[in-house]
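The values are calculated or read from the model by the stated rules, or taken from the named source; none is laboratory data. The structure displayed is predicted, hence computed values, not measured ones. Note: ideal-geometry Cβ built from the backbone for every residue, glycine included; neighbour counts use all protein chains shown. To get the accessible areas, we keep the full protein, side chains included, count just its heavy atoms, and leave off ligands, DNA and RNA. Shrake-Rupley method; radii C 1.70, N 1.55, O 1.52, S 1.80 Å.
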Amino acid sequence: MRRTSAPVRPGLAVAVAAAVVLAGCLPSRDDDGFHPGAADIGDPYVPGAGNGGYDVDNYRLAVDYDPPGDRLSGRAVVTATATEPLSRFNLDLVGLDVTAVTVDDARAEHHRDGDELVVTPERGLARGSRFTVEVTYAGVPTARPDGQLGSGGFLHTEDGAIALGQPYSAATWFPVNDHPSDKATYEIEVTVPDGLEALSNGVPGGRTSAGGRTTWRWAERTPMASYLSTLVIGDYRVTTGTHAGKPIVTAVPERLAATGPEASSLARTAEIADFLAGRFGPYPFESYGGIAVTDPRVGYALETQSRPVYGPGFFRSGQPNLGVVTHELAHQWFGNSVAVARWRDIWLNEGFATYAEWLWEEHDGGRTAQRNFELRYAMTDWSRPTLDPGRGQLFGSAVYTRGALAVHALRRTVGDDAFFTILRTWTAERRGGNATTDDLVALAERVSGKDLRPLFDAWLTGRTAPTLP
């Protein structure tokens, strides 16, 4: 993610179980040996988000949206594996009315507890068993405001809607285990009135029309964190093609000029992705793309998987903004393919994406990465930590800028050959999974043969300016 207001342009089952244990929220055991799954994943940065006891494999979503009435109806089929013997389990769902729930085709009891959908299957679910939950729901979707983190969720717009947000937004339009430690694949069908576009993640699956409504189909077959899902509905100019044998889909609102800064910037998507692949390793997904939106409530750009969404603030100058495109595309490796296991490690996303901007700027004839390092070093507030910055600073400058400084300090310390080997090894070995800062330190030490813990400690959490390497 990059916010327009920022100072600088801005092992799943194991992870779920570990988070619950660390949080000290193991549920009580029922008499028959089954017990309720935890209603909170245990991540203090997003209290209440995520659930324990299962690992989702796939979401199959079919939603129908009526823009004039701002009403959404949906059917979600969630395929998961129990990681504990479960008598019941929770899904995150905000503000929508549930009319029916089945587990493995059998009617299941359900009730709402705030933003939690509590599901009690007819029979307990044994540890290791694969099960399918089907939820039918409807209502007027809502945004999810947060005084510290901004608003995410489902936003009704003049011509449709935008579902977007970090660290959570998915639960405002479908039932979900809403935490990045539980990644899953997605199949998405969106039905809207004829004449509107309905854009989402992954590979386009074609569309059909009947009775004045069109159904658009998308599939993200590479595991995706829930906050990286998106839905953009409205009057858009969609450009499609193929790059490196994969579909590329970009879209800008029809009201914007076909040669404007938004379209000009998104047209460079493939070029910038290829540049980054040369540094980070092969592009990790089955499709490319990007979507520009004009709603002023979207005061950021977000790395929604395979198809980033760019808010209007990045193009106010009337000039193309390749920095923000580079940032969000870099996240496809750092943050999307390799996702955080817990939000305290968000610098692994934002530090590397910010550093990618420095690499692109140098490649494009601007300041070198070294010069950006020197300038940012001189302006940094070292009292703010990059690692575990605190909930209120999840998107603070220390995460972005100081994170990028740590990346360049690593490069200076180990040399270019080892540095880029570390990056490519990281994206290869961790592809499709989750990771922590400790994982990165261990890999960097393995590749370089150096003791790097003091370096990372100084650049990520030290309270005084580190010695320049």
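Points worth noting:
- Only Lys, Arg (+1) and Asp, Glu (-1) charged, at Cβ; region 114-175 dipole about Cα centre in debye: 380 debye
- Span from the region 227-270 Cα centroid across to the region 181-223 one, whole angstrom: 15 Å
- Accessible carbon and sulfur surface of region 115-256 relative to its total accessible area, %, 1.4 Å: 47 percent
- Full-extension gain in nm, ALA257 to GLN393, via 0.36 nm per residue minus C-alpha separation: 45.3 nm
- Dipole of the chain computed with +1 at Lys/Arg Cβ and -1 at Asp/Glu Cβ about the Cα centre; of ALA126, SER383, THR142, farthest Cα towards the positive end is SER383.
- Across all C-alpha atoms in region 239-376, the radius of gyration and Dmax reach 14.6, 42 Å.
- Length gained on full extension, GLU271 to SER317, computed as 0.36 nm times the residue gap minus the Cα-Cα distance: 14.3 nm.
- Between ARG446 and SER209, the modelled label-to-label distance comes to 5.3 nm, taking each label 7 Å out from Cα in the direction of the beta carbon.
- Taking Cβ atoms as reference points and 9 Å as the exclusive limit, the residues near GLY139 contribute a net charge of 0, counting Lys and Arg as +1 and Asp and Glu as -1.
- Estimated D of the chain in µm² per second, where Rh is the Kirkwood radius over Cα pairs and Stokes-Einstein applies at 10 °C, 1.306 mPa s: 70 µm²/s
- Full extension of the segment from ASP70 to GLN370, taken as 0.36 nm per residue of separation minus the current Cα-Cα distance, would add 103.0 nm.
- Theoretical ellipticity at 222 nm over the chain - DSSP helices of four or more residues, -39500 (n - 2.57) apiece, nearest 500: -7500 deg cm²/dmol
- For the chain, the dipole from Cβ point charges (+1 on Lys and Arg, -1 on Asp and Glu) about the Cα centre works out to 1180 debye, to the nearest 20.
- Working from Cα pairs under 8 Å separated by at least six residues, relative contact order for region 168-280 is 23 percent.
- Percent of Cα pairs exceeding the 16 Å cut-off, where the set is region 202-289: 63 percent
- Taken along the Cα-to-beta-carbon direction at a fixed 7 Å, the label points for HIS243 and THR436 span 3.6 nm.
- Virtual spin-label span in nm between THR464 and GLU122, 7 Å along Cα→Cβ: 6.9 nm
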